[in-house]
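Colleague: One structure coming up, written as structure tokens, with questions to follow.
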Amino acid sequence: MKETPLSIQMEKHDHLTEVVVAGSVDSQTCETFGRRLKPLEHRPDLHVLLDGRGLTYINSRGIGCLIALQKQLMIHGGRLALYGLSERIVTTLDLLGIEKRLHHFPDREAAVAYLNQDPEPHPHA
């Protein structure tokens, strides 16, 4: 299987950063993936919209990076929404029982609608 190089592009708005991921988050690219997401973790009231239409594969460490980002965003009043994930990646998240922690949507409009909802109460962990 030919590996697809990882591409991460970010477009920042006031309280929303859109992250477009393409390629594979695997053992070769996972560290880069985590390093690129890390600066988003501590910005107050930041929502992150992750476009996964070009994401071909994500390993468990990459999923761990997304869960860590989600947790930090929530602590600081923000949220993470993913959209456009392949059926294979959604099935993986479902099998791991992570679909309730990582909010994923079929399209951008549904993901943005989720981000625009009133915040859910959550305990600070």
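Colleague: Name the single residue, out of those in the stretch 4-30 being of a type in the set (Asp, Glu) and surrounded by 13 or more Cβ atoms within 10 Å (Cβ to Cβ), that is modelled with the lowest pLDDT. Explain how you work it out, then say what you get.
Modeller: Going through the stretch 4-30, the residues of a type in the set (Asp, Glu) turn out to be 11, 14, 18, 26.
In the following step, the residues that additionally are surrounded by 13 or more Cβ atoms within 10 Å (Cβ to Cβ) were identified as 18, 26.
Details: Glu18: 96, Asp26: 89.
Among them, the one singled out is Asp26.
Colleague: I would also like to ask the following. Any residue that is closer than 20 Å to Glu109 by Cβ and either under 11 Å from the mean Cα position of the chain (by Cα) or touching a residue at least 24 places away in the same chain (Cβ under 8 Å) (or both) - is there at least one of those in the stretch 62-75?
Modeller: No, there is no match, as no residue in the stretch 62-75 is closer than 20 Å to Glu109 by Cβ and either under 11 Å from the mean Cα position of the chain (by Cα) or touching a residue at least 24 places away in the same chain (Cβ under 8 Å) (or both).
Colleague: OK, next. Being more than 15 Å from Leu73 (Cβ to Cβ) and not in a strand (DSSP E or B) is the filter here, so list the residues in the stretch 15-33 that pass it.
Modeller: Step one: filter the stretch 15-33 for residues more than 15 Å from Leu73 (Cβ to Cβ), giving 20-33.
Within the stretch 15-33, Asp26, Ser27, Gln28, Thr29, Cys30, Glu31, Thr32, Phe33 qualify.
Colleague: Still on this model: How many residues are within 13 Å of Thr17 (Cβ to Cβ) and surrounded by fewer than 21 Cβ atoms within 10 Å (Cβ to Cβ) when one looks only at the stretch 47-71? Write out each step before concluding.
Modeller: Residues of the stretch 47-71 within 13 Å of Thr17 (Cβ to Cβ): 47-51, 69.
Still in the list and also surrounded by fewer than 21 Cβ atoms within 10 Å (Cβ to Cβ): 51.
Looking only at that region, the number is 1.
Colleague: Any residue in the stretch 22-37 that's touching a residue at least 24 places away in the same chain (Cβ under 8 Å) and over 11 Å from Tyr57 (Cα atoms): show its pairings with residues that are charged (D, E, K, R) and in a loop (DSSP other than H, G, I, E, B) at Cβ separation under 8 Å, as long as the two are six or more apart or on different chains.
Modeller: Gln28/Glu3
Colleague: Out of all the residues in the stretch 78-105, which are surrounded by 14 or more Cβ atoms within 10 Å (Cβ to Cβ), more than 15 Å from Tyr57 (Cα to Cα) and not basic (Lys, Arg)? Walk me through it before giving the result.
Modeller: Keep residues of the stretch 78-105 that are surrounded by 14 or more Cβ atoms within 10 Å (Cβ to Cβ), which gives 78-86, 89-90, 92-93, 98-99, 101-105.
Among the residues that remain, those that are also more than 15 Å from Tyr57 (Cα to Cα) are: 78-81, 98-99, 101-105.
Selection gives Gly78, Leu80, Ala81, Ile98, Glu99, Leu102, His103, His104, Phe105.
Colleague: Quick check on my filter: what residues within the stretch 45-70 are within 23 Å of Ser27 (Cβ to Cβ) and not in a strand (DSSP E or B)?
Modeller: Within the stretch 45-70, Asn59, Ser60, Arg61, Gly62, Ile63, Gly64, Cys65, Leu66, Ile67, Ala68, Leu69, Gln70 qualify.
Colleague: Any residue in the stretch 93-108 that is over 14 Å from Arg79 (Cα atoms) and free of Cβ contacts under 8 Å to residues at least 24 places away in the same chain sitting within a Cβ distance under 6 Å of a residue that is of a type in the set (A, V, I, L, M) and not in a loop (DSSP other than H, G, I, E, B)? List the pairs, counting only those 6 or more apart or interchain.
Modeller: Going by the 6 Å Cβ cut-off, the qualifying pairs are Glu99/Leu93.
The values are calculated or read from the model by the stated rules, or taken from the named source; none is laboratory data. Treat the numbers as computed from the prediction; the structure is a model and nothing was measured. Here the Cβ is made from the backbone with ideal geometry for all residues, glycine too, and neighbour counts use every protein chain on show.
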